[in-house]
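Following: one structure in structure tokens, then a few remarks.
Only the coordinates and a few stated rules stand behind these numbers; no lab work does. This structure is a prediction, so every number in the text was calculated from the model and none was measured. Note that each Cβ is placed from the backbone with ideal geometry, even for glycine, and that neighbours are counted across all protein chains shown.
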Amino acid sequence: MKNIRIIIADDHPLVLLGLKEVINRYGEDKVEVVGEANDPDELWRCLNEKACDVIVTDFNMPSGKMTDGLELISRIRRNFPSVTILVVTMVYNSSMINAIFKSGANGVFDKREELPVLVGAIRSINNKSMTLYSSRWVDKSDSHMTQADLERKLSKRELEVIRLYASGLSGREIAKKLNKSEKTISRQKRSAMEKLGVESDVYLNQTISAIGLI
């Protein structure tokens with residue numbers, strides 16, 4: 001049986017080096033790293049230049065033209081339908097995980113998981129089955145968060161703040177619109193993010209988009 005050909009992508013050079021080292025060490029000569037990328041644009045070039053079976057890619061790579069992780073996954077799926085996509089991330093929000101799968105990923109791997117498990121994940125998803133790899137995420141991806149769920153989790157003010165934020169308004173503009181201080185708006189936004197389990201503005205926007213709030 002031929003080796004599984006892999007392209008790896010991460011915007012942190014040390015993480016990229018670690019991924020390659022783990023795959024080479026635990027792959028038992030059955031997997032092969034054929035390409036490396038530091039940003040989405042470089043990943044796209046690799047895909048066009050090298051034949052591969054599996055892409056192991058970070059979800060959030062802010063440099064380059066394609067900074068939206070969901071857009072990148074969707075574009076890869078449309079243009080390289082035979083390639084298996086394994087997303088490596090620390091995202092733990094169930095709506096976001098579901099959105100990653102919906103965009104075309106075959107697997108999601110928790111960066112906090114034991115790294116040797118990564119090779120097993122690569123082998124497993126090579127048959128195109130959709131799988132979640134994390135002891136911390138057990139059953140979290142089984143239910144997609146709806147707007148009703150969002151309304152139960154957040155206060156009315158928190159919901160209003162993130163809806164206005166998602167519409168493109170800045171913290172200052174939201175404060176002016178709601179006749180509140182910027183500090184209050186910032187606090188309500190931060191509280192909403194904690195309740196939703198998102199770690200950054202990028203993930204907040206993607207979660208809101210996945211739910212259909214905007």
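Applying a DSSP loop filter and a limit of 14 other Cβ atoms within 10 Å to the GluC sites (Glu not before Pro) in segment 42-122 leaves Glu114. Of all beta bridges that DSSP places with both ends in segment 1-77, some 0 percent have antiparallel geometry.
Each peptide among 82-88, 184-190 gets the average number of other Cβ atoms lying within 10 Å of its residues, and from highest to lowest they stand as 82-88, 184-190. Coupling constants for segment 120-126 follow from the phi torsions by the Karplus curve (6.51 cos²θ - 1.76 cosθ + 1.60, θ = phi - 60°), and in residue order they are x, 5, 4, 5, 5, 7, 4 Hz; glycine and proline get x. Listed by chain and number, the lysines placed with their C-alpha closer than 26 angstrom to that of Lys195 are Lys102, Lys111, Lys140, Lys153, Lys156, Lys176, Lys177, Lys180, Lys183; residues fewer than eight positions away on the same chain are left out.
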